[in-house]
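Chemist: If you scroll down you'll find the structure; I have some questions about it.
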Amino acid sequence: MDHGSQQPQTPQMPGPFTGYAGPQGPYPGQHPALLRLDEVQREIATLGPQVCSYSGLQSDREYKRLERELTRLLLEVDKVETEGRPELQQARKRAAGEVEGLLRYLEGNATHPSRLAIEELTQEVQNLLNEGVVGPFRQGQAQDAFEISEELVEAVQDVAMRLAQVKTGGSVPLRKARYKALTRVCAVQELLEGRVRTQTLALPLSDDTHEAVQRINQVMAQVSGIYIIHNPAS
């Protein structure tokens, strides 16, 4: 019994975009444009969590990598041919919007006033240590003892308090940046307070950097990525 001709069904492939059959006839699977946009979506799914957890600055290498990858994806989306079809245009527009949103989020957190304030306070601690610890140590002002003033400890404590008051607006990257900076500054503060309690600490006769200086150096190196206190012999 003839039930009439039936239109073949276009198979659906996994992905955020539905299959599309143009006037010329159904494509096997999805339209090539949708296949390419699905590939972009998978890359977005990989980069998205990295962008949302990034807590650094625009000058950092990781920022430049993420920005470069997202810009590349945006260019890939722009290359997709829609053939004037509304369905394809809408899919491309959606993919472009997601990439642009990640770019805005990345830049917004890296240049946010609170993020810049965190960086300024971190640099302030480094300057305090350079003036109160590094300079005197390198100049050999303390031959028999390595003195750390209570004023230096109080200044570092003041920075820690101001760090704790930096507003993050609920932003995960900003909270992460504040937490990392505050944790390390407090660690430096604890080392300095411990040194003040001991009052005096004999310097070694060798050229090796003093142990207390090395410990402060190790903690602050995690903030800036470089050692701020070096072995004089190096």
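Nothing in this text is a laboratory measurement; each read-out follows from the coordinates by a stated rule. These numbers come from a predicted model, not from an experiment. Quick reminder, even Gly has a Cβ in these numbers, built from the backbone with ideal geometry, and neighbours come from all protein chains shown.
Chemist: For Gly97, what is the net charge nearby, where nearby means another residue's Cβ is under 14 Å from its Cβ and Lys, Arg count +1, Asp, Glu -1?
Modeler: Surrounding charge for Gly97 is +1.
Chemist: For a protection proxy built on the mean count of beta-carbon atoms within 10 angstrom, sort 184-194, 154-164 highest first, please.
Modeler: Highest mean packing first, the order is 184-194, 154-164.
Chemist: Residue-wise, which Karplus ³J(HN,Hα) couplings in Hz belong to region 120-134, taking 6.51 cos²θ - 1.76 cosθ + 1.60, θ = phi - 60°, and x for glycine or proline?
Modeler: 3J(HN,Hα) across region 120-134, in whole Hz: 5, 5, 4, 5, 4, 5, 4, 5, 4, 5, 4, 7, x, 10, 5.
Chemist: Which aspartates and glutamates, on any chain, are close to Lys167 with Cα under 20 Å apart, when same-chain ones fewer than 8 places away are left out?
Modeler: Result set, ordered by chain and number: Glu107, Glu119, Glu120, Glu124, Asp158.
Chemist: May I ask for the net charge around Ser114, where only other residues with Cβ less than 9 Å from the Cβ of Ser114 are counted and Lys, Arg are +1 while Asp, Glu are -1?
Modeler: It works out to a net charge of +3.
Chemist: Rank by packing, highest mean first: peptides 72-84, 34-46, with packing defined as the count of other Cβ atoms within 10 Å averaged across residues.
Modeler: Peptide ranking by packing, descending: 34-46, 72-84.
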